1. What's the FRET efficiency of A:Arg121 with B:Arg2 using the Cβ-Cβ distance as r and R₀ = 30 Å, to the nearest 0.05?
2. Which distances, shortest first and in nm, link A:His76 to the matching position in the other copies, using label points set 7 Å out along Cα to C-beta?
3. If B:Ser119, B:Ser84 are ordered by their accessible area, calculated over protein heavy atoms with a 1.4 Å probe, which sequence runs from highest to lowest?
4. At 7 angstrom along the Cα-to-beta-carbon line, where would the label on A:Arg121 sit relative to the other copies? Give the distances in nm, shortest first.
5. Among the residues of chain A, which one places its Cβ closest to the rotation axis that maps chain A onto chain B, and what is that distance in whole Å?
6. Aspartates and glutamates within cross-link reach of B:Lys55: Cα-Cα under 12 Å, excluding same-chain residues under 8 positions apart?
2 protein chains.
Amino acid sequence: MRPLFHPSVEDVTVEAILHALSDPVRVAIYADIVAQDCSLNCSNFLTVSEKAIPKSTLSQHFKVLREAGLIRGERHGVEVQNTSRCTEIEGRFPGLIRGIVNAHTIQLADVARRDKAASRRPAKRARKK
Amino acid sequence: MRPLFHPSVEDVTVEAILHALSDPVRVAIYADIVAQDCSLNCSNFLTVSEKAIPKSTLSQHFKVLREAGLIRGERHGVEVQNTSRCTEIEGRFPGLIRGIVNAHTIQLADVARRDKAASRRPAKRARKK
DNA sequence: CCATTAGTTCTTTAAATCGGAACTAATGAA
DNA sequence: TTCATTAGTTCCGATTTAAAGAACTAATGG
């Protein structure tokens, strides 16, 4: 089984990073990998935000993150261990990853706050047109 | 002629911002608008990096940037004046825009440096397969 | 050798993107 | 007013890209 492909840091592009992280499922995965700094296999993510995600889709998501240079995946027997490459990327694009992960955290908090407020409020009916 | 739609800052999402800026043409446009802090009409961008871009495509790009909350567009007679909303976004997601624009600048410099090095080097023929 | 587990690849279907052509709205000239 | 021009949008067909079920592969433990 041949090892997974990874671009070298100097081949990493801002566009690829932004594209990879512009998908809600992928940021969730990436944020998780960064948080526990490192290592999580694919199947740990079979559900993201209470929604089941087919593993073919998940496999593609990991591939996109890998090819954008955001994570490194090493096969260990039957499973792959993923680690974030954020120090490498920080070296080339200082502040980029931090800015994105931070923004994502803020947004998650905002959404949680809004949902909570909405559940305390009487059900708002659809606005008539 | 009705005014253009703009999301309020709290409705802006990280995903939409990253998606908007994951396109090379759109980052180029956005970086330009941010640089001259503000105002440029659509047709100033009919060519990006020596390549002509059809105006229907350009119109869509501006729409994506607008709806992501990155720029504000005001109609002045027949043309639209675009300004960046980066202070607003900075308020909600500190460091996000700076990180991205900065990374983009670094990448542009790297590409220029590489191209220059390549032009000084003898033409490298395609690797045989 | 077989069963199981973790991921990948293939294939079909659905959605997003690109760009040409036609259209609209504002402005200026005759 | 009417006509031409300019700036942008909208519509639509063609191409790209993404999603997910099914079939497949590779490693591991009986």
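The values are calculated or read from the model by the stated rules, or taken from the named source; none is laboratory data. These figures come from a predicted structure and were not determined experimentally. Reconstructed Cβ throughout: ideal geometry from the backbone, glycine too, with neighbour counts over all protein chains shown. Side chains included, ligands, DNA and RNA excluded: accessible areas come from the protein's heavy atoms. Shrake-Rupley method; radii C 1.70, N 1.55, O 1.52, S 1.80 Å.
1. Approximately 0.45, to the nearest 0.05.
2. 6.0
3. Final ranking, largest accessible area leading: B:Ser119, B:Ser84.
4. 5.9
5. Closest to the axis: A:Gly99, 2.
6. none
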